[in-house]
Structure formats: structure tokens, C-alpha cells
Amino acid sequence: MSRIGKQPIAVPSGVTTSAAGGVFKVKGPKGELTVPYNQELTIKQDGDQLLVERPSDQQRHRALHGLTRTLVANAVKGVSDGFTINLELKGVGFRAKLAGKNLELTIGYSHPVIIEPPAGVTFTVPEPTKIDVSGIDKQLVGQVAANVRKVRKPDAYHGKGVRFAGEKIALKAGKAGATGGKGKK
């Protein structure tokens, strides 16, 4: 049995679910999501829990079992709590601000970079050097955050750029001869 697939999914109050025809639908206080899944698997609601079951122990069914359970759990968590990814800006003069719903980044280019959020994703800027990407779809929030980071990845020598909050950047050493002339006469 799949260790992830066999775990039940807790359904919070205020969240309604339905699974039919290979489409799992979930509706909650933050919105509504649909998750396609393989029709060979079954999703059953048992009180306030969801169970994902597979028809056999074939390798394909075992792989789909854990995947489907995780996608369904992410959808349930998304419509009840939502997802947020935090980004940081490191660098002299690097800052972010909101222009309406769009994100405007000043990150060392000759022009500000404007990023328009797709439907279902919102940007917030609690500080000029911090960005929060929020939404109900975990995959979409992660993809938008990765696209923001891609605008100016942290460089390997100084660490300047856009990074995930808490991300450690392995910095490379500079030139070996830049130690102040030690060893030369």
C-alpha cells in the first residue's frame, strides 16, 4: 500500500467535494478548484474524510495512488486556507511595489519590470524588499513565484537578486589575487 496514498484527507467544515467521471471538484470559502484524476482510481468521502483507493497493486496504480491523493489534498487545503510563497530582494536599490494589481520590480535594469498576475494569484508587498505570492492553486502559485524569481536570479558572487525566503545561496569565491597583494614583493 502506498504510504502517502493510504492516508485519509481531512475535509474542513465549509468545504464541499464531489468526484465523478475522472474530475474531482472542491468548493470552499476561498474559491473552487477542479482536479482531473485517472478513472481507474476511486475517491470516496467517509464523513469528514476523503479516501483514495486503487484497483490493484500494479506499479502504475501505485504511482497514481500517491499522486492523486496529494493533488486532492492540495486542492482541499487551497480552497480552505490557500497557499503563500514569500520572496526576498537582495541588492542595493532593489525594491518592489504594487501598481494596481501588478507587481513592479526595480532590480538593477534600466527599466522597471512589471509582472501581471494570472487569474487566481495575488501579489502583496509588505516591505519594499519582500513579496508574497498568494492563491488557492498550489501549482499556479509556485509557478508564478518561480517566474518572478527568474526575472533576476541570485548571482553566484554577491547573492544579489530575487530569492525564496530563507533560501541559501552558495557563493563562489572571488579572484584569488584579490587578497591585497599578499605573497608578492
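The values are calculated or read from the model by the stated rules, or taken from the named source; none is laboratory data. Quantities reported herein were computed from a predicted structural model and do not represent experimental measurements. For neighbour counting, all protein chains shown are included, and Cβ atoms are generated from backbone atoms with ideal geometry for every residue, glycine included.
This table checks each residue for (1) closer than 30 Å to Glu127 by Cα; (2) in contact with a Lys or Arg (Cβ under 8 Å, 6 or more places away or on another chain).
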| residue | (1), (2) |
| --- | --- |
| Thr16 | no, yes |
| Leu67 | no, no |
| Gly82 | yes, yes |
| Arg95 | yes, no |
Restricting attention to the stretch 34-91, the residues that are under 14 Å from Arg3 (Cα atoms), assigned to a strand (DSSP E or B) and of a type in the set (Val, Ile, Thr) number exactly 1
Which condition does Gly91 not pass, out of (1) more than 25 Å from Ile169 (Cβ to Cβ); (2) modelled with pLDDT under 95, if it passes all the others? (1)
Test of understanding: among Val162, Val151, Val133, which residue is within 21 Å of the chain's Cα centre (by Cα), in contact (Cβ under 8 Å) with a residue 24 or more places away in the chain, surrounded by 14 or more Cβ atoms within 10 Å (Cβ to Cβ) and closer than 19 Å to Leu33 by Cα? Val133
Taking the stretch 15-24 and keeping residues in a loop (DSSP other than H, G, I, E, B) and in contact with a helix residue (DSSP H, G or I) (Cβ under 7 Å, 6 or more places away or on another chain) leaves Val15
Filter the stretch 16-38 down to residues that are over 22 Å from the mean Cα position of the chain (by Cα) and buried (at least 18 other Cβ atoms within 10 Å of the Cβ) and give me whichever is farthest from Phe83 (Cα to Cα). Ala19
Count, please, the residues in the stretch 111-139 that happen to be among the small types (Gly, Ala, Ser) and touching a Phe, Trp or Tyr at 6+ places or on another chain (Cβ under 9 Å). 2
Only one of these is loosely packed, with under 15 Cβ neighbours inside 10 Å, touching a Ser or Thr at 6+ places or on another chain (Cβ under 8 Å), of a type outside the set (Lys, Arg) and outside the structural domain of Tyr157 (by TED's automatic domain parsing): Gln59, Gln45, Gln49. Name it. Gln45
